[in-house]
Amino acid sequence: MRDTIKNILKQYNLYRIPVDIVKLAQNLGFTILQQELDYDGAILSNNESFKIDGKDYNKAILININQIPTRKRFTIAHELIHWINASEEERQHLYAHRDDNLTEYNEEPDINAWASELLMPSGLLKNFLKNLDYFYISPSIIYEVANAFNVSYAAAQIRLEKYQKRGI
């Protein structure tokens, strides 16, 4: 999946800091719709059009309008990973939604990890950290990564911990 993510970002000339996740979604044919939702977001992809608020769509990502911008970016990345991870057949009728309360759904932690990779690709993260000349993860390093990659402090911290532990 890591190579797939890198190739998709390079294909659309988006392999740079910060990853323009909205542009990626649009390049993949998705419309981003911000609405009041009881959950963080959802992805809908169908070979036949469907209606949302009276308009026809084939591919849409719904985002909870009440979330902070970094959370919206993460939710878009999360939903795109569902789509990237799906087979061509599954993409014809795909529906998934992001809700942190759904802990029983065992695929969600992996989807979240790959969403972090999409927003903070290993190669870009490695080069960024090399330029910082860091020796350990500190609050200031986490802040620098969060700020540069336009992600939350928590997302940067989790990503850095995995990067330090596994080098990915």
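The values are calculated or read from the model by the stated rules, or taken from the named source; none is laboratory data. Computed from a prediction, not measured in an experiment: that's the story for all the values here. Every residue, glycine among them, receives a Cβ derived from its backbone with ideal geometry; neighbour counts consider all protein chains shown. Side chains included, ligands, DNA and RNA excluded: accessible areas come from the protein's heavy atoms. Shrake-Rupley method; radii C 1.70, N 1.55, O 1.52, S 1.80 Å.
Quick notes on this one:
- Too-long pairs where the Cα-Cα distance tops 24 Å, listed order kept, from Lys6/Lys51; Lys10/Lys55; Lys10/Lys126; Lys23/Lys130; Lys10/Lys165; Lys130/Lys165: Lys6/Lys51; Lys10/Lys55; Lys23/Lys130; Lys10/Lys165
- For Gln11, neighbours were defined as the other residues whose beta-carbon sits under 14 Å from its Cβ, and their charges (Lys and Arg +1, Asp and Glu -1) total +2.
- Counting only DSSP beta bridges with both residues in the chain, the antiparallel share comes to about 75 percent.
- Taken along the Cα-to-beta-carbon direction at a fixed 7 Å, the label points for Phe135 and Glu107 span 4.5 nm.
- Projecting the Cα atoms of Pro109, Ile8, Gly123 onto the charge dipole of the chain, computed from C-beta unit charges around the Cα centre, puts Gly123 farthest toward the positive end.
- Maximal additional length on extending the Val22-Gln92 stretch stands at 23.1 nm, based on 0.36 nm per residue less the C-alpha distance.
- Taking only protein heavy atoms and a 1.4 Å probe, the accessible area of the chain is 46% carbon and sulfur.
- Taking the Cα centre of the chain as origin and assigning +1 to Lys and Arg Cβ atoms and -1 to Asp and Glu Cβ atoms, the resulting dipole is close to 860 debye.
- Charges were assigned to the Cβ only: +1 to each Lys and Arg, -1 to each Asp and Glu. The resulting dipole of the range 106-168 about its Cα centre is roughly 240 debye.
- For the chain: accessible area per residue (Å², 1.4 Å): 56
- From most to least packed by mean Cβ count within 10 Å, the peptides 71-82, 52-63, 122-133, 34-45 give 71-82, 34-45, 52-63, 122-133.
- Here the chain is described by how far its Cα atoms reach on the three principal axes: 53, 32, 27 Å, from widest to narrowest.
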